Amino acid sequence: MRIPNLGETDLLVPLHSGVFEQPMWQTFLRQLRRVCGARGAAIRLASAGEGGDIALGDGAPIAAVTAAMREARVYSGGDLDGREDGLRAVRVSGADIDLTLCVLADNAPGAEVASLLSALVPHVRVALQVVASIERERNRASVSAEAFRRMNFGWIALDQRCRIVDMDAQAERLLERSGVLRRGPYDRLVPSSPVIDRQLTALAKAMARDRRYRPRAINLAQDPWIDILVAPMRIDALARESEAVAVVYLRGDRSSSADRHEQLVDLFDLTPAEARLAWSLAQGLSISEAAQAHGLTVETARYYSKKIYAKTGARGQVDLVRNILTGVLALA
């Protein structure tokens with residue numbers, strides 16, 4: 001058997017593209033087994049994190065190698081707790097991940113197999129760096145997605161006819177449970193209000209003509225509160241060959257006003273009356289408007305507001321809005 005040089009094989013492309021396969025490296029293991037004329041090929045990943053070991057293989061199963069192995073050295077079966085003569089294995093370390101690559105042949109393979117595994121080591125090390133980088137980004141994205149989920153943020157990309165080009169999972173959930181926005185015929189994003197529908201349609205057309213068009217905020221509902229911000233599409237990765245012209249950022253409150261009142265009582269030790277007034281002020285109502293909404297005199301509302309500012313540490317209504325809408329209450 002002649003093991004070709006790495007440059008003559010199609011091993012390297014499957015090795016580096018295999019980090020995106022599910023399961024990983026299946027094509028690479030299949031090619032490696034074919035090139036080596038082996039019964040089986042396997043990869044075992046051991047992470048320093050909590051993910052545990054991951055076993056990948058093609059062909060005959062290969063039991064995990066438990067013996068201590070020096071990094072980048074190719075071992076035979078006899079070196080590894082008296083395993084089969086046809087086994088060759090190498091350990092590669094990188095970025096908190098240990099990878100063991102094994103090949104199992106019917107008979108003791110020649111030096112070509114060991115030479116091939118040695119030549120693969122630096123490429124495997126690079127692939128491990130890619131895996132570690134992908135895993136870090138996946139963890140970061142997971143944390144960000146959870147924060148967006150808890151704050152009820154989502155996004156929808158629209159074309160110039162207000163048809164949905166793409167959206168994230170949070171926006172999909174908001175559409176499913178909210179009556180103020182829905183997916184209409186031909187995937188068109190349809191607000192329940194005809195006035196807002198016309199406004200959104202006009203914005204999409206304007207942003208198709210001018211990417212510098214000023215973003216516009218629109219309130220869709222007040223109890224629970226749901227806002228959207230319509231902005232020109234400036235992210236090429238979401239544009240999908242320039243189909244998307246605008247992105248709609250959604251912010252929907254999962255809790256009703258009554259729920260928010262109870263949470264403010266717990267968080268700031270407000271009385272129920274103070275909590276109701278505080279929530280109205282946080283929604284942008286003036287003292288006189290909030291007083292009228294809750295059947296209070298302006299003098300009583302002012303008295304309550306002073307107590308609210310003292311308990312929440314706010315120096316005024318702007319501070320109160322920030323403390324309530326951007327604090328931990330936004331995650332509830």
- Using only alpha carbon positions, build the gyration tensor of region 179-230, then give the equivalent ellipsoid semi-axes as the square roots of 5 times its eigenvalues, largest first, whole angstrom. 20, 15, 8
- Query: In a shell of Cβ-Cβ distance under 11 Å around residue 294, excluding residue 294 itself, what net charge do Lys and Arg (+1) and Asp and Glu (-1) give?
  - Reply: -1
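Suppose accessible area is computed on protein heavy atoms with a 1.4 Å probe; arrange 261, 294 from highest to lowest. Walk me through the numbers before you get to the answer.
Working: 261 35, 294 65 Å².
Largest to smallest exposure gives the sequence 294, 261.
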- Query: Which order do peptides 164-176, 35-47, 63-75 fall in by mean Cβ count within 10 Å, highest first?
  - Reply: 35-47, 164-176, 63-75
- Item | Gyration tensor verdict on region 260-331 (Cα atoms; rounded if a/c is under 1.5, prolate if a/b is larger than b/c, oblate otherwise) | prolate
- Item | Mean separation of Cα contacts under 8 Å, 6 or more apart, over the residue count of the chain: relative contact order % | 10 percent
- Both in Å, the radius of gyration and Dmax of the C-alpha trace of region 105-196 are 24.4, 78
- Note on the structure: Kirkwood radius from Cα pairs of the chain plugged into Stokes-Einstein at 25 °C, 0.890 mPa s, gives D in µm²/s equal to 98 µm²/s
- 3J(HN,Hα) from dihedral phi, region 187-192, Karplus parametrisation 6.51/-1.76/1.60, rounded to Hz, x for glycine, proline: 6, 7, 7, 10, x, 5
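The values are calculated or read from the model by the stated rules, or taken from the named source; none is laboratory data. For clarity, every value in this text was computed on a predicted model and none was experimentally measured. Virtual Cβ from ideal backbone geometry, glycine too; neighbours counted across all protein chains shown. Surface accessibility is based on the protein's heavy atoms, side chains included, excluding ligands, DNA and RNA. Shrake-Rupley method; radii C 1.70, N 1.55, O 1.52, S 1.80 Å.
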